[in-house]
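Peer 1: Have a look at this one.
The values are calculated or read from the model by the stated rules, or taken from the named source; none is laboratory data. As the structure is a computational prediction, the values presented were derived from the model and not from experiment. Note that each Cβ is placed from the backbone with ideal geometry, even for glycine, and that neighbours are counted across all protein chains shown. Only protein heavy atoms, including side chains, enter the accessible area calculation; ligands, DNA and RNA are left aside. Shrake-Rupley method; radii C 1.70, N 1.55, O 1.52, S 1.80 Å.
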Amino acid sequence: MVDLDVVDRLLGAPPDLPTWRVADMANRKGILGTWLSSAVARGLELSEAEGAYLRRWEQRVETLHATGVELADRYQATVLKGPAIARFYPDGLLRQSGDVDLFAPSQDVLWSCVRDLVDRRGAVPQGVSILEGPEGVHVGVAMKWPAAEPHLDKPMGADVTTFTFAGDLRGVPVRIAPVAEEDLCGLFAVAEERFQRKFRIKDLLDLLVLAEVLEQRLGDDLTEVICEHAARLALAPELRQLIVRASEWVSMSEQWRRTADALRPLARREKGLRRPGRQGVHRLRFGMPLDERPGAASRVDIHRRAGSSLVTTPVGTCLLTERLVVNEDELTDALDHARSLTAPS
């Protein structure tokens, strides 16, 4: 199912299209590094500048994968997507990666990972997401640090969370623990991306790679296992959309076509459940960094008041807001509040 010209097919490039035009299509779709790797594996010779571009992407992915593995081994976190999907790619095909996603089973693990990234990578927290639900608080921290070529390439990133899937935070519940099997976890992590954005070619490529692996592993049980997990994870609509979208460009197996059909009633039922008041849906507030003074506890501590509610964390104080933009008066009030929390009593 998955061979080295699969990227061309997902781009919709005719077989006789000049390579420079296919490269332009790949660049506009954000997968030029992946396409170059496939073209090299098929015999294309790159110029010095083209080779340098591909090597930068390879170095980026290698660094992100190594970072994830180090943190997982050191603190018992779990790497989501990234290397867990890339290991199934055909030899020679690079899976581009923008950041590393880590599931931390506790806040202690999360903050250990965050402090490690600060100390070893010079990472800077971009914000703290606070998810409040009936069973307590969950936390996510987005980190950034400079790439090897900081003026050419996007910053490196890491997202560390005490949950695996956040859903849409309106009608889809937060799902805490990851799926045990890497291939299944990767499949549903790709489907989950639909809550943040429309599916991209990279997502379709991930699906095709994982579909082949899962069909080989599960055999005749494929449809039953996929549907069982899709229902439990509240992802039947997104997974079915992903399969249908990929099928428009690459012919999938009969088993996967049957699976897409079996997902249809599950998707309809899941959409019917997505309404206010559904159990497990959390309230999201963004933590806008105000200072780098560590809080007294090794976990988040929410300070509620009229005006500006703050959260103190092991890496600084943040303003809690449901909006991505705050006005000057609100920010001034929040800074005064933050200083009062650390003032001598």
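Peer 1: Not counting ligands, DNA or RNA, and with a 1.4 Å probe, what is Arg232's accessible surface area in Å² rounded to the nearest 10?
Peer 2: My reading of the accessible area for Arg232 is about 150 Å².
Peer 1: Okay, moving on. Residue separation times 0.36 nm, minus the C-alpha to C-alpha distance between Ala66 and Lys198: what's the value? Kindly include the intermediate steps, with their values, before the conclusion.
Peer 2: Numbers: separation 132, 0.36 × 132 = 47.52 nm, distance 2.83 nm.
Length difference between fully extended and current span is 44.7 nm.
Peer 1: Using a 1.4 Å probe on the protein heavy atoms only, what accessible surface does Tyr53 show? Give it in Å² to the nearest 10.
Peer 2: My reading of the accessible area for Tyr53 is about 60 Å².
Peer 1: Given a 1.4 angstrom probe, what's the average accessible area per residue across the chain, in square angstrom?
Peer 2: 49
Peer 1: Would you mind checking the stretch 194-211 for residues with the amide N under 20 Å from a putative spin-label position 7 Å along Cα→C-beta of Leu273?
Peer 2: 194-196
Peer 1: Quick one: helix 236-247 against the long Cα principal axis of the chain, what's the angle to the nearest 10°, folded into 0 to 90?
Peer 2: Compared with the principal axis, the helix lies near 30 degrees.
Peer 1: Return the carbon/sulfur percentage of the accessible area of the stretch 50-125, one whole number, probe 1.4 Å, all protein chains in place. Can you show the working numbers first?
Peer 2: Working: 1520 of 3260 Å².
Result for the stretch 50-125: 47 percent of the exposed heavy-atom area is carbon or sulfur.
Peer 1: Show me the GluC sites (Glu not before Pro) within the stretch 209-310 that DSSP assigns to loop and that have at most 12 other Cβ atoms within 10 Å of their Cβ. If you can, show how the numbers build up before the last one.
Peer 2: Values: sites: Glu212, Glu215, Glu224, Glu228, Glu238, Glu248, Glu254, Glu270, Glu292; in loops: Glu248, Glu292.
Listed in order of number, the matching sites are Glu248, Glu292.
Peer 1: 222 nm [θ] for the chain, helices only, -39500 (n - 2.57) per DSSP H run of 4+, per residue, to 500? Please report the intermediate quantities before stating the final value.
Peer 2: Working: 12 runs with 160 residues, N = 345.
Here the helix-only value at 222 nm equals -15000 deg cm²/dmol.
Peer 1: For the chain, modelled as a GNM with alpha-carbon contacts under 10 angstrom, which of Asp101, Asp261, Asp16 fluctuates the most?
Peer 2: Asp16
Peer 1: For a quick check, take a GNM of the chain with Cα springs below 10 Å and name the residue from Gly98, Gly277, Gly157 with the largest mean-square fluctuation.
Peer 2: Gly277
Peer 1: Most fluctuating residue of Gly272, Gly122, Gly287 in a GNM of the chain with Cα springs under 10 Å: which is it?
Peer 2: Among Gly272, Gly122, Gly287, the largest GNM mean-square fluctuation belongs to Gly272.
Peer 1: What ranking do 160-170, 31-41 get when scored by the average of other Cβ atoms within 10 Å per residue, highest first?
Peer 2: Working: 160-170: 19.9, 31-41: 21.9.
Packing order, densest peptide first, comes out as 31-41, 160-170.
Peer 1: Within 13 Å, Cβ to Cβ, of Ile176, how many net charges do the neighbouring residues add up to if Lys/Arg are +1 and Asp/Glu are -1? Kindly include the intermediate steps, with their values, before the conclusion.
Peer 2: Numbers: positive: Arg175, Arg232; negative: Glu135.
Result for the neighbourhood of Ile176: +1.
Peer 1: If the label point is 7 Å along Cα→Cβ of Glu48, which residues in the stretch 141-167 have backbone nitrogen under 20 Å from it?
Peer 2: 149, 152
Peer 1: Note the full-extension length gain between Ala41 and Val225 as 0.36 nm times their separation in residues minus their Cα-Cα distance, in nm to one decimal. Could the numbers behind the result be given before it?
Peer 2: Working: separation 184, 0.36 × 184 = 66.24 nm, distance 3.44 nm.
Result: 62.8 nm gained on full extension.
Peer 1: Only sites in a loop by DSSP and with at most 14 other Cβ atoms within 10 Å count here; which trypsin sites (Lys or Arg not before Pro) in the stretch 261-345 make the cut? All intermediate terms of the calculation are to be shown ahead of the outcome.
Peer 2: Details: sites: Arg268, Arg269, Lys271, Arg274, Arg278, Arg283, Arg285, Arg299, Arg304, Arg305, Arg323, Arg339; in loops: Arg274, Arg278, Arg299, Arg304, Arg305, Arg323.
Of the trypsin sites (Lys or Arg not before Pro), the ones in loops of the stretch 261-345 whose Cβ has at most 14 other Cβ atoms within 10 Å are Arg278, Arg304, Arg305, Arg323.
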